[in-house]
Amino acid sequence: MAELNTGKSTPSVDLTPMVDLAFLLITFFMLTTSISKPYAMDVAMPDKTEENSEDQLDVADNRTITLLLGSDNKIEYYMGLLDRPIEGPTVVDYGKNGIRPILLEKIKQVPQITGDPEKGLIVIIRPSDKANYKNLVDILDEMKIVDAKQYMIGDIGSAEVELLTRENIYN
Amino acid sequence: MGKIKIKRASTKVDMTAMCDVSFLLLTFFILTATARQPEPLPVDMPASTVQIKVPDTNLGTITVGGGGKVFFGVTGPNVRVNMLNRVAEKYGLTFTDEEKQRFSLIDGFGVPISRLKQLIAMDNAERISSGLQTGIPADSTDNQLKEWVLAARLATAEINDQQMRVAIKGDADEEYPAIKKVIDVLQEQSLNKFSLVTNLRLVD
């Protein structure tokens, strides 16, 4: 009797390790397919068509901060106009010990100065020819981190290049 | 006695069904996983904290790297053929059906239009190793990149009936003027919204 029983049950194989392996591979493939995709940072540039070139927006200079991206991973910033800056120009680094606390402070301050929560800080980013692409992505990322509502990328002027040269961050 | 025997047998579960299901899923994931194509111009992308993924369809990718070399690629084989037809017409060139078919399988390329035929004739490994791909000219005198982007947008609109999105994939060490040149090409076509492709930043 016992021998007969074992003879009948031999074709059944324990499939547990096989299932384990299959699930391990499934997990691997699921994760690698989603991880390998890169990320996209959306950028909107100001419209540059001819008709709008004279349509300059007038904003109070106590709301604008200009960031000049220089070489050697340095930023120079000033508030207001270049000829008569309200604050700066000062050279700072990227990241959480450099530009971030300054931006966070300004975002809090500016609506108090203007007395209107709608009129927040406007950030103008001007990359110089000596800045690299990483700098641009870093500063745009910084805008997302500090949640700056209004920012734009502009061209750098010769006076600002001079300023960078004077601070020795235009190499 | 009989009752005890039944209880012992019930502790074993039949794994066959579970094994079937798991292998079915495994097969599905292996087949849907796209094999990574070798990139014509490998770039080291900068990192950011953005968590939005790059779309899979209706996307034109402009790769900038290696000292200002510009490469271009668009998704979808039909769109690529349509784009090639448009650009060929513009420059007065003709491509055979076989060449078009081969071109539709190229993910990204970086040659002046005059050497495109030569590139199409090569096989995949040769295209990368030959050093033929010196980038698409994007100067003001000979702006071929503009033509490619325009053709790709028109082709995507015609075939998929959707707006093409543009992504710029730049090398972290690339100097800003090289990127600026590409952005200017896009802005000339009133393309003011585009994406920058980045890796995920894990630490601040």
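The values are calculated or read from the model by the stated rules, or taken from the named source; none is laboratory data. As the structure is a computational prediction, the values presented were derived from the model and not from experiment. No Cβ is skipped: glycine too gets one built from the backbone with ideal geometry, and neighbour counts run over all protein chains shown. Note: accessible area is taken over every heavy atom of the protein model, side chains too, but ligands, DNA and RNA are not part of it. Shrake-Rupley method; radii C 1.70, N 1.55, O 1.52, S 1.80 Å.
Annotations
- From B:Q144, B:Q118, B:Q163, residue being buried (at least 17 other Cβ atoms within 10 Å of the Cβ) and on the phi < 0 side of the Ramachandran plot: B:Q144
- Test: residue in segment B:191-203 that is more than 8 Å from chain A (Cβ to nearest Cβ), under 16 Å from the mean Cα position of the chain (by Cα) and open to solvent by less than 10 Å² (accessible area, probe 1.4 Å): no
- Criterion: closer than 29 Å to B:K181 by Cα and within 14 Å of another protein chain (Cβ to nearest Cβ) - qualifying residue of B:V111, B:V87, B:V79, B:V50: B:V50
- Residues of segment A:74-85 include none that is under 16 Å from B:P177 (Cα atoms), at pLDDT 80 or above and open to solvent by 20 Å² or more (accessible area, probe 1.4 Å).
- Counting only helices (runs of 4 or more DSSP H) that fall entirely inside segment B:94-204 and contain at least 2 residues that are closer than 30 Å to A:Y151 by Cα and touching a residue at least 12 places away in the same chain (Cβ under 8 Å), the qualifying elements are B:144-159, B:176-188.
- Scanning segment B:66-83 for residues that are within 15 Å of B:I128 (Cα to Cα), touching a strand residue (DSSP E or B) at 6+ places or on another chain (Cβ under 7 Å) and touching a residue at least 60 places away in the same chain (Cβ under 8 Å) yields B:V70, B:F71, B:F72.
The rows are residues; the columns are (1) surrounded by fewer than 21 Cβ atoms within 10 Å (Cβ to Cβ); (2) in contact (Cβ under 8 Å) with a residue 40 or more places away in the chain; (3) over 11 Å from the mean Cα position of the chain (by Cα).
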site	(1), (2), (3)
A:I107	yes, yes, yes
A:P117	yes, no, yes
A:I122	yes, yes, yes
A:R126	yes, yes, yes
A:D129	yes, no, yes
A:N132	no, no, yes
A:N135	no, yes, no
A:A148	yes, yes, no
